[in-house]
Every structure is written in C-alpha cells, then in structure tokens.
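J.: My questions all concern the structure below.
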Amino acid sequence: MSINISIIVATYNSDKTLANCLCSIISQKCSTVELIVIDAQSTDKTLEILSDFKKDLDHLVSEPDEGIYDAWNKGINLAKGNWLMFVGSDDQLRTGCIEGYKRQIAIDGNYDFISGRIMLVNHAGDELREFGEPYDWGIFKRHMNLAHVSSLHNRRLYDCYGDYDIHYKICGDYELLLRPKENLKVKFVDQLFANMAIGGISFGSFDALSEARNAKLLHEVTKPSVIWLQYFLSVIMLGFNRTIRKKLFFGVIK
C-alpha cells in the first residue's frame, strides 16, 4: 500500500526523551505510515538510541542543520506521504492518534491542515492542561491557538506556499500557516492526540512573541499599529506573569 502519512521527528541531543517518543509512534505505525528522523549530529546517546530503533525507521539522516525548521524541510523532501506530521523528540502520541486522523481523512480529507487537542505535560509527565482550539481566522491572526504537535499538513500546503523559513527559530510553523491567510482550510477534530512537553523556548518567551509579531507584519494580517499594540500588551502580560510566578515560588520556599 502507498504511504499516506509521513511522521517527521527532528532530534538533537534527545537521549532523555527520544525512546518514549519513538515508542509512542511505532506502536501505532502501519504500512501506510512512514517514520522519518532528522538528527543534527547529536553528541549524546541519541544516535545509539536511533540505532536500536533502526528497523522501525523508514529514513534516518544525521548531519548538521540550521535549526528545527531546516530539519523539517529535509524531512518534507524525503516524505512520500500525502499528509505530514511533526512530532517533537520530547513529545508523545497518545493512543488512537493515527487511527483518529485516518478516520477523518477517510471521511473528508479536503483540508490543508487537520488538528485537535494536545495535553501539555511537565518533564515528570504530569498533565497540566489541554491546548488546541477550532480554527477561527479572527483569533488565529492574533496568536497561535492551534495545536501544531501531531497535527496533519496536506502536502499541497507546501506545494502552494513553500517550505519553512529557516530564519525563524521558534514560530516558523505559525508563519507558514499565516501565508494562506483566511484561505487556509482547517479541520478541527475534537480528540486528544498527543502529549507535549513544556519548558522549551516557545513557552513564556519574549523571543517567541517577537517572531510571531514579525510573521504577522510580514503577511499583513491586520494593520501594523494593531499588531504592535498586541505585541506590547503580550510583552506586558508575559512580564507580569513571570513576576507573579517568581513571587509565588520564593514565597513557598521561604
């Protein structure tokens, strides 16, 4: 049978979490699903782990890259599937993820992007809160409210709008999905598809806010004055939240 879904995992020094990530994918993998790993020449035990899983990997590349979006672009070029999924090396697919998407594609696959809900977890695996909402352009042009981890991207999205811009380090996924503007065809599936580990640079990051602002300005999603106002308000809220967390933390340990 032909490949329908290509799952791409980018790795770099991921030996602490990679095995669990791969197991969550391989346990659901079938003949119509391929698994591609793009490694940035890890120096820890990542390559040893990948060697242990070699029989389950359809493609494995280990070479220097220019960041996660460069790695994803390499994966896109190797992928044979009509649908592409990106999973972080510290994330895990939940049981039924692939089957849930396959059912949706069978019902109606005429979308650019299919996503659902994910569970945000800490490094201990504790479930914190859910993330992911139905698509609404009025909301999406203000901030990324779609769950990107484990979502499905129709290959035509890249055929029409190109690959990821490797100049972005955090918000390249958001920038690409802004390119079609209100013409992006999105299906929201009300299912919990994956666990996403928090704590990366995209969470609570001023750099992430800056990149998102630049993407919105680039694609002129609304008036520049509105984009800048949204940015400054987000910066203020982020700073306020950080201050509150610090006060709560130090208040607990005193």
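J.: Go through the stretch 6-25 and report how many residues are buried (at least 22 other Cβ atoms within 10 Å of the Cβ) and closer than 25 Å to ASN82 by Cβ.
T.: Number satisfying all stated conditions: 9.
J.: Looking only at the stretch 23-47, which residues are over 14 Å from ILE98 (Cβ atoms) and among the hydrophobic types (A, V, I, L, M, F, W, C)?
T.: ILE36, VAL37, ILE38, ALA40, LEU47
J.: Which one is surrounded by the most Cβ atoms within 10 Å (Cβ to Cβ), of the residues in the stretch 63-111 that are closer than 19 Å to LEU157 by Cα and of a type in the set (S, T, N, Q)?
T.: The selected residue is ASN73.
J.: Related question: From the list SER6, SER62, pick out the single residue that is touching a Gly at 6+ places or on another chain (Cβ under 9 Å) and on the phi < 0 side of the Ramachandran plot.
T.: SER6
J.: For the condition closer than 30 Å to GLY162 by Cβ, of a type in the set (Gly, Ala, Ser) and part of a loop (DSSP other than H, G, I, E, B), what is the one hit in SER6, SER42?
T.: When all the criteria are applied, what remains is SER42.
J.: Out of the residues in the stretch 112-139 that are hydrophobic (A, V, I, L, M, F, W, C), touching a residue at least 60 places away in the same chain (Cβ under 8 Å) and over 21 Å from ASN183 (Cβ atoms), which is surrounded by the most Cβ atoms within 10 Å (Cβ to Cβ)?
T.: Step by step, filter the stretch 112-139, then rank; the result is ILE118.
J.: Being farther than 19 Å from TRP83 by Cβ and not acidic (Asp, Glu) is the filter here; which residues of the stretch 28-50 pass it?
T.: ALA40, GLN41, SER42, THR43, LYS45, THR46, LEU47, ILE49, LEU50
J.: Looking only at the stretch 155-171, filter to residues that are in contact with a helix residue (DSSP H, G or I) (Cβ under 6 Å, 6 or more places away or on another chain) and farther than 14 Å from LEU84 by Cβ; which one of those is surrounded by the most Cβ atoms within 10 Å (Cβ to Cβ)?
T.: CYS171
J.: Out of all the residues in the stretch 50-76, which are assigned to a loop (DSSP other than H, G, I, E, B) and more than 16 Å from SER14 (Cα to Cα)?
T.: Listed by number, the residues that qualify are LEU57, ASP58, GLU66.
J.: Also: Could you please find all residues in the stretch 26-39 being without any contact (Cβ under 8 Å) to a residue 60 or more places away in the chain, surrounded by 17 or more Cβ atoms within 10 Å (Cβ to Cβ) and either in a loop (DSSP other than H, G, I, E, B) or of a type in the set (A, V, I, L, M) (or both)?
T.: Within the stretch 26-39, LEU35, ILE36, VAL37, ILE38 qualify.
J.: I would also like to ask the following. How do the pairs read when you match residues in the stretch 221-245 that are within 13 Å of ARG142 (Cβ to Cβ) with residues anywhere that are among the aliphatic types (A, V, I, L, M) and not in a helix (DSSP H, G or I), using Cβ under 9 Å and keeping only pairs 6 or more apart or on different chains?
T.: Listed pairs, sorted by first residue: ILE227/VAL221.
J.: Tell me yes or no: at least one residue of the stretch 140-148 is touching a strand residue (DSSP E or B) at 6+ places or on another chain (Cβ under 6 Å), farther than 22 Å from ASP65 by Cα and surrounded by 15 or more Cβ atoms within 10 Å (Cβ to Cβ).
T.: Yes, some residue in the stretch 140-148 is touching a strand residue (DSSP E or B) at 6+ places or on another chain (Cβ under 6 Å), farther than 22 Å from ASP65 by Cα and surrounded by 15 or more Cβ atoms within 10 Å (Cβ to Cβ).
Read the figures in this text as sums done on the coordinates, not as results from a lab. In this text the structure is predicted, and so the values were computed from the model without any measurement. Note: ideal-geometry Cβ built from the backbone for every residue, glycine included; neighbour counts use all protein chains shown.
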